[in-house]
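Below is a structure I'd like to ask you about.
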Amino acid sequence: MSNLPKSVTINDDTMREGLQIESASIPVEAKLRLLDALGETGAKVISIGSFAHPKWTPQMACIDEIASRFVPKPGVIYTAAVFNKHGFDRADAYYPKIDVRRSRGRHASHVELCDSFARRNYNRSQAQQIASLDATVAAAREAGAQKASVAIGNPFGSNFEGPYTHKQRMDLLALMIGKWQAAGIKVTRVSLLEAMGWNLPHLVRETILAIRERWPYVTDFHLHLHNQRGATIASYYEGLQLGVREFDTSLGGMGGCPYCGNGRAAGHVPTEDFVDLCHEMGIETGYKLDKLIEAVAIAEEVVGHPLWGHVSKSGPRPRDKALYPRDMPFVETLQEAAHFRKGAQVYAGQIAPWKENDALLRA
């Protein structure tokens, strides 16, 4: 049964998770150009990057210069990823230009199902993450929290440990949600965070339906699923069918995690592809697809290699005046396929599979 949302929030993760896996030598000027282009796409919230230690994320060593120099676009909220109090304080020094306070009021807990990934990515064991839950919940209760969210990391499988069962997912969620329930705080939001690309549409459906059945007051879901095996846009489609309203993507599918063993191959769902899918299904996103496609072209120039999106290369489905001319010449290369945005000159000189008095012209 379909329960399509009327609108969705699509968090574009280009400047943070996209650039964190690209070359650390990309100039600040190029990053500022990309950030400026993102601001034209209709994105409501943009992360400018992360205030992380340059030893582990050298691509973000220039984050203070970017924060100082970028020119905000009207109507866009700019934020950044922070991982500890030091990072928060660094980012908060740019308030209100950069607003990391907006997430401070969200009471949340996060535990990895994969102990190996927890150790590699967070330098903490799964047991340590679980042990910290009591303090997190106590602090939220002290602050008067009425509701909370939980995030389960790599719920479907691990490149280091293999696949996880439905029972393992539900047991960990029960442990986390139980901590909040015991404190009298309802969990209303669940995030499924997948860095290693083990998601599949039927697993996403099974998990969301089981969560709703067991904890009916969980009304909001957030999907951040990487795309190593090419199944994530199908998994996101399943999410849409179930009424999920928040998703993470990046321009051209750029992104990855240095800790998961797949590097840039991890990727994301391309923002432009998912926006196109949503629009064709009648779901509002706030994005302007033509501006997204132009931003992808800039992103490819910035990173110095082709990205992995489809709509940015083939264009949206042509309608009305945008329909292709029936007598157009051959189109073979990616450069020629860009005629939808660059004009007919890109395929000038190609032979044409067309003759005068062709059957298509006769009644």
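The values are calculated or read from the model by the stated rules, or taken from the named source; none is laboratory data. Note that the structure is predicted; figures quoted are calculated from it, not measured. We place every Cβ from the backbone using ideal geometry, glycine too, and count neighbours over all the protein chains shown. SASA here: full protein model, heavy atoms, side chains in, ligands and nucleic acids out. Shrake-Rupley method; radii C 1.70, N 1.55, O 1.52, S 1.80 Å.
Using amide H atoms built 1.01 Å from N in the peptide plane, name the residues 5+ places from H107, or on other chains, whose amide H lies under 5 Å from its own.
Long-range HN contacts for H107: S149.
Pairing the Cα long axis of helix 232-241 with the longest principal axis of the chain, what angle in degrees results, from 0 to 90 and rounded to the nearest 10?
Result, in degrees: 80.
Another one. Over the stretch 256-363, what percent of the accessible surface lies on carbon and sulfur atoms, probe 1.4 Å? Walk me through the numbers before you get to the answer.
Working: 3350 of 6300 Å².
Exposed carbon and sulfur together represent 53 percent of the surface.
Quick test of your reading: applying the under-4.7 Å Cβ rule, which cysteines of the chain are isolated?
C62, C114, C278
Using 0.36 nm per residue of separation minus the Cα-Cα distance, give me the extension gain between Q181 and R33 in nm, one decimal. Mind dumping the intermediate values first?
Numbers: separation 148, 0.36 × 148 = 53.28 nm, distance 4.62 nm.
48.7 nm is the gain from fully extending Q181 to R33.
Taking springs between alpha-carbon atoms closer than 10 angstrom, which of A145, A67, A348 fluctuates most in the Gaussian network model of the chain?
Evaluated over the chain, the most mobile residue of the options is A348.
While we're on this one: Rounded to whole Hz and in sequence order, give me ³J(HN,Hα) for the stretch 251-259 from the Karplus expression 6.51 cos²θ - 1.76 cosθ + 1.60, θ = phi - 60°, writing x for Gly and Pro.
With the stated coefficients, the stretch 251-259 comes to 4, x, x, 5, x, x, 9, x, 9 Hz.
Could you pull out the pairs from K73/K342; K321/K342; K288/K342 whose alpha carbons sit more than 23 Å apart here?
Beyond 23 Å: K73/K342.
Then there is this: In degrees, nearest 10, range 0 to 90: what is the angle between the Cα axis of helix 289-303 and the longest Cα principal axis of the chain?
For helix 289-303, the angle is close to 80 degrees.
Follow-up. For a distance above 26 Å, tell me the whole-number percent of Cα pairs in the chain that qualify.
55
How do S149, S132 rank by accessible surface area computed with a 1.4 Å probe, from largest to smallest?
Numbers: S149 5, S132 35 Å².
Per-residue accessible area, sorted high to low, gives S132, S149.
Between the stretch 81-145 and the stretch 17-80, what is the separation of their alpha carbon centroids in Å?
21
Sequence-distant or interchain residues sharing an amide H contact under 5 Å with L225, placed H: which?
For L225, the qualifying residues are E194, D248.
Expressed as an acute angle from 0 to 90° and rounded to the nearest 10, what is the orientation of the C-alpha long axis of helix 133-142 relative to the principal long axis of the chain?
Its long axis makes an angle of about 80 degrees.
Top to bottom by accessible area (1.4 Å), largest first, where do Y324, Y259, Y164 land?
Y324, Y259, Y164
What lysines does K179 reach when the alpha-carbon gap must be under 21 Å and sequence neighbours fewer than 8 apart in one chain are set aside?
K147, K167
Let me ask something else about it. Please compute the alpha carbon radius of gyration of the stretch 235-327, then divide it by the globular-protein estimate 2.2 N^0.38 Å. Two decimals is fine.
In units of the globular-protein estimate, the stretch 235-327 measures up at 1.20.
Separate question: Would you mind working out the accessible area per residue for the chain, using a 1.4 Å probe, and quoting it in Å²? Mind dumping the intermediate values first?
Details: 17540 Å² over 363 residues.
On a per-residue basis, the chain sits at 48 Å².
What list of ³J(HN,Hα) couplings, whole Hz, do you get for the stretch 34-42 from phi and the Karplus terms 6.51, -1.76, 1.60, once you set θ to phi - 60° and write x for glycine and proline?
5, 4, 5, 5, 4, x, 8, 7, x
With a cut-off of 8 Å between alpha carbons and a minimum separation of six or more residues, what is the relative contact order of the chain in percent?
So the answer I get is 19 percent.
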